[in-house]
1. Those residues that are free of Cβ contacts under 8 Å to residues at least 12 places away in the same chain and near ligand 2 (Cβ under 9 Å from one of its atoms), I need them from the stretch 43-83; list them, please.
2. Looking at THR148, is it under 23 Å from the mean Cα position of the chain (by Cα) and either at pLDDT below 95 or under 27 Å from VAL248 (Cα atoms) (or both)?
3. Residues of the stretch 1-27 being in contact with an Asp or Glu (Cβ under 6 Å, 6 or more places away or on another chain) and away from ligand 2 (no atom under 16 Å from the Cβ), which ones?
4. In the list GLN166, GLN146, which residue meets the criterion of being in contact with a helix residue (DSSP H, G or I) (Cβ under 6 Å, 6 or more places away or on another chain), farther than 22 Å from PRO51 by Cα and open to solvent by 20 Å² or more (accessible area, probe 1.4 Å)?
5. Quick one: VAL94 ticks every box in (1) closer than 19 Å to LEU54 by Cβ; (2) in contact with a Gly (Cβ under 7 Å, 6 or more places away or on another chain) bar one, so which box is it?
6. Which one is nearest to ALA129 (Cα to Cα) among residues in the stretch 84-118 that are more than 13 Å from ligand 2 (Cβ to nearest atom) and polar (S, T, N, Q)?
7. Check whether at least one residue in the stretch 297-312 is in contact with a His (Cβ under 9 Å, 6 or more places away or on another chain) and farther than 14 Å from LEU149 by Cβ, and report yes or no.
8. Mind listing just one residue for me: the one in the stretch 95-116 that is open to solvent by less than 70 Å² (accessible area, probe 1.4 Å) and assigned to a loop (DSSP other than H, G, I, E, B) and, of those, farthest from ILE285 (Cα to Cα)?
Amino acid sequence: MAAAIRLARRNEGLTGTNPSVACVLVRDDGEGAHVVGSGVTAPGGRPHAEPLALAEAGPLARGATAYVTLEPCAHHGRTPPCAQTLIDAGVARVVTAVTDPDDRVNEKGHAMLRAAGIEVEAGCMAREAGEGLAAYLIQKANNRAQVTLKLAVSADGFIGVKGRGQVAITGPVARAQSHLMRARHHAILVGAGTVIGDDPELTCRLPGLESRSPVRILLDPNGRVPLTAKAVTTAGLTRTITVLGDGVPETHRAALRTQGCEILPCEIEDGRVALPELLEDLAAIGIHSVLVEGGAKTAEALLEEGLVDELMLFAGGGGIGDVAEPIASPVTGSHLAAFDERETLALGEDKLTRYTVRRRG
Ligand code: AOF
Ligand code: ZN
């Protein structure tokens, strides 16, 4: 199952509204267990993982064990149900991690397999697989996009310096890791202040993964982002959505559209974008995961409203606070108390600690 969970990560962000699921087929003919086929949900969401793994295994699927990160589907879509495909291939045992909350499935896949005499073991490594499926599960349960908040914090507790644009806090290995995070999300989101101050490109620039740049979402309730911002001028190359309040004049909207930006209207609360509604609107247009990269106010608002599902804290080795106006990290101890610490990675001179929110109920 651990191998299947790793394989599923490969197409994260590429499968549209369908989750990226993986299936690994293992058999043991007395000489030790070995993999005879594996598959991951194809880009765009179809084919599903199971038929791909079964096609690779061919006749060797008969009598094998299938490890699947999500319960096999039970519905007739464009293809027959995966549970039926596994039955027809003669698989002996099916081990799954997460039950599919889709109404058309939700234990029906498991039931179909059991009714056909297949041994089913559900819930194997459910937590680990659930982290990879978080965008799908949160959209199903809460009807909103999943939120990962990424912050780079200096050794003295700051995330930047006012008026100084992009300040180097972490090194090249951490930067590569953050670009990998971009590739795995449907969208990357920043506030207007970050666009104005840093003029970031917000693309994935890892060699070979350039095509996996996520959609860019610019929160700009008052229409402050200049038409000369890189994220606007390159909207023809990378899909860019500007989130605007009602008060933004039509001339500015038209100019953004001419540059290739899409416009998403938003509700405003206390002068700021109403975030829960925005995340619902994003889910409704098929954007199920959002990586938030700045700035401090957007991060703080998401934390305060309990909308952060995963927190990625990069810790730089050096200090930057020895200047006039350093910007303090918005993450407080009481915010952190709502999260479970998962792991810490060493990335060159820097560290990355990953936290996931403790689910209520
Ligand atoms: C699987 N294996 O690899 C995936 C599954 O529109 P369809 O027909 O592709 O169905 C989408 C649903 O299929 C989706 O909501 C989820 O329930 C399931 N995803 N199931 O057996 C897979 N990606
Ligand atoms: Zn399926």
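The values are calculated or read from the model by the stated rules, or taken from the named source; none is laboratory data. What you see is a predicted model; the values in this text were computed from it and never measured. Every residue, glycine as well, gets a Cβ built from its backbone with ideal geometry; the counts of neighbours run over all protein chains shown. Surface areas here come from the heavy atoms of the whole protein model, side chains and all, with no ligands, DNA or RNA. Shrake-Rupley method; radii C 1.70, N 1.55, O 1.52, S 1.80 Å.
1. PRO80
2. On the way: under 23 Å from the mean Cα position of the chain (by Cα): yes; either at pLDDT below 95 or under 27 Å from VAL248 (Cα atoms) (or both): no.
Spelling it out, it is not the case that THR148 is under 23 Å from the mean Cα position of the chain (by Cα) and either at pLDDT below 95 or under 27 Å from VAL248 (Cα atoms) (or both).
3. Just the residues of the stretch 1-27 that are in contact with an Asp or Glu (Cβ under 6 Å, 6 or more places away or on another chain), to begin with: 5, 20, 23.
Of everything in the stretch 1-27, just one residue is in contact with an Asp or Glu (Cβ under 6 Å, 6 or more places away or on another chain) and away from ligand 2 (no atom under 16 Å from the Cβ), namely ILE5.
4. On the way: GLN146 fails: open to solvent by 20 Å² or more (accessible area, probe 1.4 Å).
Answer to the check: GLN166.
5. (2)
6. So, considering only residues that are more than 13 Å from ligand 2 (Cβ to nearest atom) and polar (S, T, N, Q), the one nearest to ALA129 (Cα to Cα) is THR99.
7. no
8. First, pick out the residues of the stretch 95-116 that are open to solvent by less than 70 Å² (accessible area, probe 1.4 Å): 95-102, 105, 109-113, 116.
Retained after the next criterion (residues that are assigned to a loop (DSSP other than H, G, I, E, B)): 99-102, 105, 116.
Values: THR99: 24, ASP100: 21, PRO101: 20, ASP102: 18, VAL105: 23, ALA116: 38 Å.
The qualifying residue farthest from ILE285 (Cα to Cα) is ALA116.
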